[in-house]
Amino acid sequence: MSHPSLGAPPPDLTAGAAGAAERLVTGAARLAARALEIAAEADPTMLERHDETALRHLQRDAETLLERIARSLAADDVVFTREFADAIAPLYRRRHVPMDDLVSIIEGLRLAIAATLAPDERAGADRAIDAAVAAFRAYRRLAGDARKRNRLLAFLYKGA
């Protein structure tokens, strides 16, 4: 990403598909709600693990993530999405939200925006989504992620 204080020009938000980005931003609330539904269908335990407030937080952040995907699509640069995913991962680790849930939500976004974008516009959105998934999976490898543990290994490590 260019840094204006270092003399580099700011990112050009018309270098990519600006019209597709505008369509994503205008339908962000609907697409984020659909992405959360897709993620809940893929993993029904998500609704059991999270209360209503946590699900609203997930939907709100899915809208913001969708806006970052739109910005990446408009600038034809994945740095907006990658940096946002890198920034929100510690927040969700503190809230004990598994990174797998965030990956399933962003994969739900991939499916939800498929109807909104043309096939040539989807390639830029897929690159941005792949960058966010890579950031979430990198945080998933860290110890302390709130994911389901293997019972047998937990039994063995307890020394029982």
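Tabulated results
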item: Positive-end residue, the chain charge dipole about Cα centroid, Cβ charges, pick of ALA17, ALA35, GLY124; result: ALA35
item: Degrees between helix 28-42 axis and first principal axis of the chain (Cα, 0 to 90, nearest 10); result: 30 degrees
item: Ordering of 123-130, 59-66 by burial proxy (mean other Cβ atoms within 10 Å per residue, highest first); result: 123-130, 59-66
item: Point-charge dipole on Cβ atoms (K/R +1, D/E -1) for the chain, about Cα centre, debye to 20; result: 820 debye
item: Accessible-area order (highest first, 1.4 angstrom probe) of the listed residues ARG140, ARG71; result: ARG71, ARG140
item: Net lengthening on full extension, ARG151/GLU37 (0.36 nm per residue, minus Cα-Cα); result: 38.2 nm
item: Net lengthening on full extension, HIS57/ALA29 (0.36 nm per residue, minus Cα-Cα); result: 8.8 nm
item: Listed residues LEU31, LEU36, LEU47 arranged by accessible area, highest first, probe 1.4 Å; result: LEU47, LEU36, LEU31
item: Degrees between helix 79-94 axis and first principal axis of the chain (Cα, 0 to 90, nearest 10); result: 30 degrees
item: Exposure of THR26 as accessible area (Å², to 10), given a probe of 1.4 Å and all protein chains; result: 110 Å²
item: Cα long-axis angle, helix 119-140 against the chain (0 to 90 degrees, to the nearest 10); result: 40 degrees
item: Fraction of accessible area attributable to carbon and sulfur, the chain (%, probe 1.4 Å); result: 55 percent
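The values are calculated or read from the model by the stated rules, or taken from the named source; none is laboratory data. This is a predicted model, so every value here is computed, not measured. A quick note on method: Cβ atoms are made from the backbone with ideal geometry, for glycine too, and the neighbour counts reach across all protein chains shown. Only protein heavy atoms, including side chains, enter the accessible area calculation; ligands, DNA and RNA are left aside. Shrake-Rupley method; radii C 1.70, N 1.55, O 1.52, S 1.80 Å.
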